[in-house]
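These notes concern the structure reproduced below.
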Amino acid sequence: MLMSGVSLQFPITPNTDSHLSAINWDNLPFGKIFSDHMFVMEYADGAWQQGEILPFGPIAMHPAMSAIHYGQSIFEGMKAYRNDHNEVVLFRPELNARRFSESAARMCMPEIPEELFLAAVKQLVAQDAGWVTNKPGYALYIRPFMFATDEFVGIKPSDTYKFVIITSPVGAYYAEPVRVKIEEHYTRAAVGGVGRAKAAGNYGASLYPAKQAQQEGFHQLVWTDAKTHTFIEESGTMNIMFVINNTLITPSEDADTILRGTTKRTVLEVAASLGIPIEERPVTVAEIIEAAKNGTLQDVFGAGTAATIAPIAIIGYRDEKLTLPALETREISLKIKDFLDNIKSGAQPDTQHWIQKVC
């Protein structure tokens, strides 16, 4: 709900101490450098108040702030690109806006109208458009997030919240093909839980098992179902997709344990347009291991905002490490990646109307 009189043209306090000129674009760590401004908006008295764009900086918080103690915190991940026509564009941002509202509802937090969410993102990116480079493979990562701000130690939904958007220039999330391990003990999400919400706690709970996998030489885990650990769900920060006998296969999102991914949904739509057979269904660990061993598993890749299309090179399963086909042989994922890259760069017409320009 918006407070009466709230404008979608947000006041701006310019940052007079920009450090854009000091950025080393050839040595850009992911998620550690931030642009000059941020968007901030408060929720109080049952309504969203007037938002504003401010110089990037620390956020003050009370020691009893609800988010710290009870975990009411959600976020999104998006990117802005500079295309071949020197335009700054967003890719399907309305899907992020909808998922943000779905996450908020599940976490008992106030939803943000799609129009407001998109206006805030676009105006912030426009303010820091100079941070969006045309360097191939680079983008401006956009992180909208919301957290509870009641100054109260007691288990209940907060009455006040803060919505913030920050941005960060980034290159590739993974510098090499990904090595993953199938997890059969720890659980990312259970039926009836918050696996479908992009809640901060989901990622906090994943850190310990992910750290163990990294100590074994893997980048990420492949999460399996909480009850039997026989069905594949996600891979670390990405949805996961397989190609077996020229068919694109991915776990169904019918259960509420899998995050609905914008990139995954787009990959499926692109594949359909290219005439690639698709199966969106429960996927068992056993069938993937069998396909890897008998040579019918042609490709495995992750799909997500940060990584976009991330080829998976090795799957660890118990005491085995299964090496997957060479990257240059993976026709389907390469076709889809080229298709998406060409739309984002403007090299290919956007007949799907997935691109929104930042004015």
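The values are calculated or read from the model by the stated rules, or taken from the named source; none is laboratory data. These figures come from a predicted structure and were not determined experimentally. All Cβ positions, glycine included, derive from the backbone under ideal geometry; neighbour counts span all protein chains shown. We work out accessible area using only protein heavy atoms, side chains counted, and drop any ligands, DNA or RNA first. Shrake-Rupley method; radii C 1.70, N 1.55, O 1.52, S 1.80 Å.
Quick one, what does Rg over Rh come out to for the stretch 205-359 if you take C-alpha atoms and the Kirkwood Rh? Rg divided by Rh gives 0.97. Taken one residue at a time, the phi angles of the stretch 240-245 give Karplus couplings (6.51, -1.76, 1.60, θ = phi - 60°) of 10, 9, 10, 10, 10, 6 Hz. Gly and Pro are set to x.
Taking a threshold of 18 Å on the Cα-Cα distance, which of the pairs K32/K357; K335/K357; K122/K357 fall above it? Too far apart for the 18 Å limit: K32/K357; K335/K357.
When all alpha carbon pairs of the stretch 201-281 are counted in 10 Å bins from zero, the resulting P(r) reads 16, 45, 30, 9, 0 %. Counting only the Cα atoms, the stretch 300-343 fills a convex hull of 67 Å³ per residue. Under a model in which nothing but the beta-carbon of Lys, Arg (+1) and Asp, Glu (-1) is charged, the chain shows a dipole of about 300 debye around its Cα centre.
Putting +1 on Lys and Arg Cβ atoms and -1 on Asp and Glu Cβ atoms, find which of A120, Q49, T329 reaches farthest to the positive end of the dipole of the chain. The residue sitting farthest along the positive end of the dipole is T329. Principal semi-axes of the equivalent ellipsoid, √(5λ) from the alpha carbon gyration tensor of the stretch 97-183, are 30, 21, 12 Å from largest down.
Relative contact order for the stretch 26-105: 17 percent, from Cα pairs under 8 Å spaced at least 6 residues apart, divided by residue count. Evaluating 6.51 cos²θ - 1.76 cosθ + 1.60 at θ = phi - 60° for every residue in the stretch 322-327, the Karplus couplings come out as 9, 8, 9, x, 4, 4 Hz, glycine and proline recorded as x.
Relative to the Cα centre, the charge distribution of the stretch 1-96, modelled as +1 at Lys and Arg Cβ and -1 at Asp and Glu Cβ, gives a dipole magnitude of about 200 debye. Between E269 and E151, full extension at 0.36 nm per residue minus the direct alpha carbon distance yields a gain of 38.0 nm. Relative to the compact-globule estimate of 2.2 N^0.38 Å, the Cα radius of gyration of the chain comes out at 1.01.
If R0 is taken as 45 Å, the Cβ-Cβ distance between Y203 and T13 corresponds to a FRET efficiency of 0.90. Averaging Cα coordinates gives a centre for the stretch 128-157 and one for the stretch 235-271; these two points are 25 Å apart. Legend: distances between Cα atoms for K198/K344; K162/K264; K211/K344; pairs beyond 26 Å are K162/K264; K211/K344. Taking a ≥ b ≥ c as the square roots of the eigenvalues of the Cα gyration tensor, the stretch 167-240 is classed as oblate, since a/c reaches at least 1.5 and a/b does not exceed b/c. Beta-bridge orientation, the chain: approximately 80 percent antiparallel, per DSSP, counting only bridges with both partners inside. Summary value for the chain: 18 percent relative contact order, contacts being C-alpha pairs under 8 angstrom separated by 6+ residues. So what's the back-of-envelope 222 nm ellipticity for the chain, counting only DSSP H runs of four-plus at -39500 (n - 2.57) apiece and dividing by all residues, rounded to 500? The helix contribution divided over the chain gives -7500 deg cm²/dmol. Separation of the stretch 61-90 and the stretch 99-120, taken as the distance between their Cα centroids, equals 12 angstrom. Using the 1.4 Å probe convention, the accessible area of the chain works out to 45 Å² per residue with neighbouring protein chains retained. Maximal additional length on extending the E290-Q214 stretch stands at 24.9 nm, based on 0.36 nm per residue less the C-alpha distance. Every pair of different Cα atoms in the stretch 1-148 enters the Kirkwood calculation, which places the hydrodynamic radius at 16.7 Å.
Modelled spin-label separation between K227 and Q49, with each label point placed 7 Å from Cα along the Cα-to-Cβ direction: 4.6 nm.
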